[in-house]
Amino acid sequence: MKKIAVLGSTGSIGTQTLEVVRAYPQQLCVAALAAGGNISLLESQIREFHPAVAAVWDEEKAAELRIRTADQNVRIVSGMDGLIEIATLPEAEILVTAIVGMIGILPTIEAIRAGKDIALANKETLVTAGHIIMPLAKEKGVKILPVDSEHSAIFQSLNGENPGQIDKLLLTASGGPFRGKDRAFLENVQLEDALKHPNWEMGHKITIDSATMVNKGLEVMEAKWLFGVDIDRIQVVIQPQSIIHSMVQYVDGAVIAQLGTPDMKLPIQYALFYPDRRFLAGERLDFWQLSEITFEKPDMENFLGLPLAFAAARAGGSMPTVFNAANERAVSKFLNRKIGFLDIYRIIQECMDAHRVIENPTVEEILACEQATYEMIESRW
């Protein structure tokens, strides 16, 4: 019986993680759960999965949850201390980091220090602190198991191969809901349009990131750290059907890919049971019915999330933190209808232009850069 802890249990990845647990009650159980503010859903998860500890970010909501779960054998904690307690719980073997944002950095670091394997779905952790996370994981002998479908695909395509013989990584992208559209169209994009992803069911923030291609830029930076590959050996390929989830090209020219239907439970389940595979209910690819798999170059002229991400990655140091923090705040403003779609790019560019890079920033410097970026945006937008 493998015991897991989940940061972000009420979000898209978190709820699908619990679906996997539900399918394998004899092999998986939940030791701890953490959520942002959806205490109604968290309460139902506590009643179903019986964790020993649950965390809510806000103490007032934690107090309410304590009352609502008084009949359950669960301890309710809150704030960053609560997240770290969940991340380091002695009985948990693996931590699923499905929480959104840079709030996931400190709990992930503490989990690694406590010897927990990490099922990583929090992009920001490696984007902003990969230079801290990866050496620490190596030092502690901890596995970083990717949950993003693209990184999981690369991870699977590397099985049994020599990572020193990678020529390049090929990260696939659907292109989002506005693939093929020009800048004039993007100027008039409405929130409802941006939230309609053609292939994947995701949370609002990541859906907007997919529409801007910022999400793929974050994945490029994450892949650099996960697989130890220079940024210029990572290529993005638009694959609109989302059938090929990513590929690895080796020095001899061979390309190994992982294919499947668009279902996030596959990479989640693979990370939880690694190195074993288990049956997963759902649709299978039918190659007799599959009419085509097509490929395109990414549009770097109109969808600036990708070129801005490459620029941030090449600048290195604290610049990816600025890129990520600027995007987080800009997307929040777009979701609240305070700015237009293309203003997301303008905000990111403005913040990057104003930033002086700190080489090898500490966690404290990373969080300070995040705060300074937020303050700059609030003062100008």
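The values are calculated or read from the model by the stated rules, or taken from the named source; none is laboratory data. The structure presented is a predicted model; accordingly, all values stated were derived computationally and were not measured. Using ideal geometry, Cβ is built from the backbone for each residue, glycine included, and neighbour counts are taken over all protein chains shown. Side chains are part of the model used for accessible areas, which takes the heavy atoms of the whole protein and leaves out ligands, DNA and RNA. Shrake-Rupley method; radii C 1.70, N 1.55, O 1.52, S 1.80 Å.
What number goes with the only condition from (1) in contact with a Pro (Cβ under 7 Å, 6 or more places away or on another chain); (2) closer than 16 Å to residue 278 by Cα that residue 17 does not pass?
(1)
For region 44-85, what are the residues that are among the acidic types (Asp, Glu) and within 26 Å of the chain's Cα centre (by Cα)?
Matches in region 44-85: 48, 58, 59, 81, 85.
Residues are listed down the side, and each one gets a yes or a no for (1) at pLDDT 95 or above; (2) open to solvent by 10 Å² or more (accessible area, probe 1.4 Å); (3) of a type in the set (Phe, Trp, Tyr):
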site	(1), (2), (3)
114	yes, yes, no
142	yes, yes, no
157	yes, no, no
160	no, yes, no
169	yes, no, no
199	no, yes, no
215	no, yes, no
221	yes, no, no
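Inside region 86-173, counting only strands (runs of 3 or more DSSP E) that do not spill past its ends, which hold 3 or more residues that are more than 12 Å from the chain's Cα centre (by Cα) and within 28 Å of residue 261 (Cβ to Cβ)?
Those strands (runs of 3 or more DSSP E) span 166-173.
Within region 99-109, which residues are at pLDDT below 95 and either open to solvent by 10 Å² or more (accessible area, probe 1.4 Å) or within 19 Å of residue 273 (Cβ to Cβ) (or both)?
99, 100, 103
Check region 112-122 and report whether any residue there is within 29 Å of residue 217 (Cβ to Cβ), in contact with a helix residue (DSSP H, G or I) (Cβ under 6 Å, 6 or more places away or on another chain), in contact (Cβ under 8 Å) with a residue 40 or more places away in the chain and of a type in the set (A, V, I, L, M).
So far as region 112-122 goes, yes, one or more of its residues are within 29 Å of residue 217 (Cβ to Cβ), in contact with a helix residue (DSSP H, G or I) (Cβ under 6 Å, 6 or more places away or on another chain), in contact (Cβ under 8 Å) with a residue 40 or more places away in the chain and of a type in the set (A, V, I, L, M).
Please work out which residue is nearest to the chain's Cα centre (by Cα), limiting yourself to region 318-356 and to residues that are among the small types (Gly, Ala, Ser) and surrounded by fewer than 19 Cβ atoms within 10 Å (Cβ to Cβ). I'd like the intermediate steps shown before the answer.
Filtering region 318-356 down to residues among the small types (Gly, Ala, Ser) leaves 318, 325-326, 330, 332, 340, 354.
Subsequent filtering for residues that are surrounded by fewer than 19 Cβ atoms within 10 Å (Cβ to Cβ) retains 332, 340, 354.
Numbers: 332: 17, 340: 24, 354: 26 Å.
Out of the qualifying residues, it is 332.
Between residues in region 284-307 that are under 13 Å from residue 239 (Cα atoms) and residues that are part of a helix (DSSP H, G or I), which pairs lie under 7 Å by C-beta distance while being six or more apart or on different chains?
Listed by first residue and then by second, the contacts come to 298/306.
Being without any contact (Cβ under 8 Å) to a residue 60 or more places away in the chain and touching a Pro at 6+ places or on another chain (Cβ under 9 Å) is the filter here; which residues of region 202-240 pass it?
207, 210
Residue 380 passes all but one of (1) charged (D, E, K, R); (2) modelled with pLDDT of 95 or more; (3) open to solvent by 60 Å² or more (accessible area, probe 1.4 Å); which number fails?
(2)
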